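> Pasting in a structure now, in structure tokens, and then I'll have a few things to ask.
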Amino acid sequence: MKIKICGITTKEEAKILNENKVDFAGMVMFFPKSKRNINTESAREIISVLDQNIKKVAVTVEPTEEQIKIIEKNGFDYIQIHGDIKEELIKKINIPILKAFNVRDMKNYDFYRNEEKIKGYVFDAFEPGSGKIFDWRLVREIPKDNKLLLLAGGLNPNNVTEAVKYLRPDGVDVSSGVENENGIGKSPEKIKMFVENARKADR
């Protein structure tokens with residue numbers, strides 16, 4: 001069971017991820033609408049602290065070619081893309097892509113499924129980062145292939161067990177579900193509980 005903690009904004013949060021031996025750390029880039037958006041300098045600082053076994057993921061919304069180049073230069077292992085991405089731009093990306101889907105853009109699934117550079121999918125809620133869940137049956141109906149399937153959207157320490165047992169995804173992805181009660185920063189206790197519950201459910 002792969003664990004991805006998304007919306008990392010500080011080196012202190014990176015250390016919590018190291019302690020819990022998660023698999024992916026997501027950082028929101030070039031999307032100022034998100035309260036979790038960070039600049040390149042912050043991303044570099046976080047990457048310098050993260051354990052080398054944790055894959056670093058730049059989380060973006062319809063990035064430009066220039067933004068993709070910046071991400072590649074700064075040590076990210078993956079780029080996660082929300083929204084549409086043109087075929088000609090995919091060809092120019094040199095790191096593995098995680099394509100994020102929500103209920104609205106599932107119609108394009110087959111196109112991305114056949115794209116070799118896309119190594120995995122993140123199935124998210126209607127409003128990514130909102131903490132709201134969606135109908136998991138939508139994911140259950142999707143034919144499995146050899147790409148990574150990560151479930152996101154409204155997961156938290158209390159419902160991740162049910163999600164893993166119901167869907168058996170390759171991994172789970174959480175952001176707001178492990179934040180402090182005031183919505184600022186990540187909670188070490190919630191991250192620990194989320195990781196433990198997800199891995200226990202997968203046994």
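The values are calculated or read from the model by the stated rules, or taken from the named source; none is laboratory data. In this text, all values refer to a predicted model and were calculated from it rather than measured experimentally. As a convention, Cβ positions derive from the backbone with ideal geometry for all residues, glycine included, and neighbour counts pool all protein chains shown.
> Could you look through the range 113-125, keep only residues that are under 21 Å from Val57 (Cα atoms) and either in contact with a helix residue (DSSP H, G or I) (Cβ under 7 Å, 6 or more places away or on another chain) or surrounded by fewer than 19 Cβ atoms within 10 Å (Cβ to Cβ) (or both), and pick out the one that is modelled with the lowest pLDDT?
So, considering only residues that are under 21 Å from Val57 (Cα atoms) and either in contact with a helix residue (DSSP H, G or I) (Cβ under 7 Å, 6 or more places away or on another chain) or surrounded by fewer than 19 Cβ atoms within 10 Å (Cβ to Cβ) (or both), the one modelled with the lowest pLDDT is Ala125.
> Would you check if Lys33 is among the basic types (Lys, Arg), within 24 Å of Asp124 (Cα to Cα), surrounded by fewer than 22 Cβ atoms within 10 Å (Cβ to Cβ) and more than 16 Å from the chain's Cα centre (by Cα)?
Against the criterion (among the basic types (Lys, Arg), within 24 Å of Asp124 (Cα to Cα), surrounded by fewer than 22 Cβ atoms within 10 Å (Cβ to Cβ) and more than 16 Å from the chain's Cα centre (by Cα)), Lys33 qualifies.
> Please go through the range 22-60 and pick out each residue that is within 16 Å of Pro96 (Cα to Cα) and basic (Lys, Arg).
Of everything in the range 22-60, those that are within 16 Å of Pro96 (Cα to Cα) and basic (Lys, Arg) turn out to be Lys55, Lys56.
> Scanning for something modelled with pLDDT under 95, farther than 21 Å from Asn146 by Cβ, surrounded by fewer than 16 Cβ atoms within 10 Å (Cβ to Cβ) and over 17 Å from the mean Cα position of the chain (by Cα), does the range 75-86 turn up at least one residue?
Looking for residues that are modelled with pLDDT under 95, farther than 21 Å from Asn146 by Cβ, surrounded by fewer than 16 Cβ atoms within 10 Å (Cβ to Cβ) and over 17 Å from the mean Cα position of the chain (by Cα), one finds at least one in the range 75-86, hence yes.
> OK, next. Looking at the range 1-51 only, could you name the residues that are under 27 Å from Asn197 (Cα atoms) and in contact with a Pro (Cβ under 7 Å, 6 or more places away or on another chain)?
Result: Ile16, single match.
> Can you find, within the range 149-189, the residue that is farthest from the chain's Cα centre (by Cα) among those that are surrounded by 23 or more Cβ atoms within 10 Å (Cβ to Cβ) and β-branched (Val, Ile, Thr)?
The residue in question is Val160.
> Quick check on the range 148-161. Is at least one of its residues at pLDDT 85 or above, touching a helix residue (DSSP H, G or I) at 6+ places or on another chain (Cβ under 8 Å) and more than 26 Å from Glu19 (Cα to Cα)?
No, that holds for no residue.
> Under the condition of being among the basic types (Lys, Arg) and either outside any helix (DSSP H, G or I) or in contact with a helix residue (DSSP H, G or I) (Cβ under 7 Å, 6 or more places away or on another chain) (or both), which residue from the range 190-199 is surrounded by the fewest Cβ atoms within 10 Å (Cβ to Cβ)? Break it down stepwise before answering.
Of the range 190-199, the ones among the basic types (Lys, Arg) are 190, 192, 199.
This time we only want the ones that are either outside any helix (DSSP H, G or I) or in contact with a helix residue (DSSP H, G or I) (Cβ under 7 Å, 6 or more places away or on another chain) (or both), so: 190, 192.
Values: Lys190: 19, Lys192: 15.
That would be Lys192.
> Just to be sure, is Thr64 of a type in the set (S, T, N, Q), closer than 24 Å to Lys86 by Cα and surrounded by 22 or more Cβ atoms within 10 Å (Cβ to Cβ)?
So Thr64 fails the test.
> Here's another thing I want to ask about it. Would you confirm whether any residue within the range 66-81 is out of contact with any Cys (no Cβ under 9 Å at 6 or more places or on another chain) and within 24 Å of Glu141 (Cβ to Cβ)?
Restricting attention to the range 66-81, the residues satisfying the condition of being out of contact with any Cys (no Cβ under 9 Å at 6 or more places or on another chain) are 66-79, 81.
Now restrict to residues that are within 24 Å of Glu141 (Cβ to Cβ): 81.
Checked the range 66-81: at least one residue is out of contact with any Cys (no Cβ under 9 Å at 6 or more places or on another chain) and within 24 Å of Glu141 (Cβ to Cβ).
> Ser48 is checked against (1) of a type in the set (S, T, N, Q); (2) in a helix (DSSP H, G or I); (3) surrounded by 14 or more Cβ atoms within 10 Å (Cβ to Cβ) and fails just one. What number does that condition carry?
Failed condition: (3).
> Same structure again: What do you reckon, is Ile93 assigned to a loop (DSSP other than H, G, I, E, B), touching a helix residue (DSSP H, G or I) at 6+ places or on another chain (Cβ under 9 Å) and either of a type outside the set (Ser, Thr, Tyr) or crowded, with 19+ Cβ neighbours inside 10 Å (or both)?
It is true that Ile93 is assigned to a loop (DSSP other than H, G, I, E, B), touching a helix residue (DSSP H, G or I) at 6+ places or on another chain (Cβ under 9 Å) and either of a type outside the set (Ser, Thr, Tyr) or crowded, with 19+ Cβ neighbours inside 10 Å (or both).
> Which ones in the range 55-72 are touching a Phe, Trp or Tyr at 6+ places or on another chain (Cβ under 7 Å) and either hydrophobic (A, V, I, L, M, F, W, C) or assigned to a helix (DSSP H, G or I) (or both)?
Our first condition is that a residue be touching a Phe, Trp or Tyr at 6+ places or on another chain (Cβ under 7 Å); within the range 55-72, this holds for 55-58, 60-61, 63, 67.
Within the range 55-72, Val57, Ala58, Val61, Gln67 qualify.
> Which condition number in (1) surrounded by fewer than 22 Cβ atoms within 10 Å (Cβ to Cβ); (2) closer than 23 Å to Lys91 by Cα is the one that Ile71 fails?
(1)
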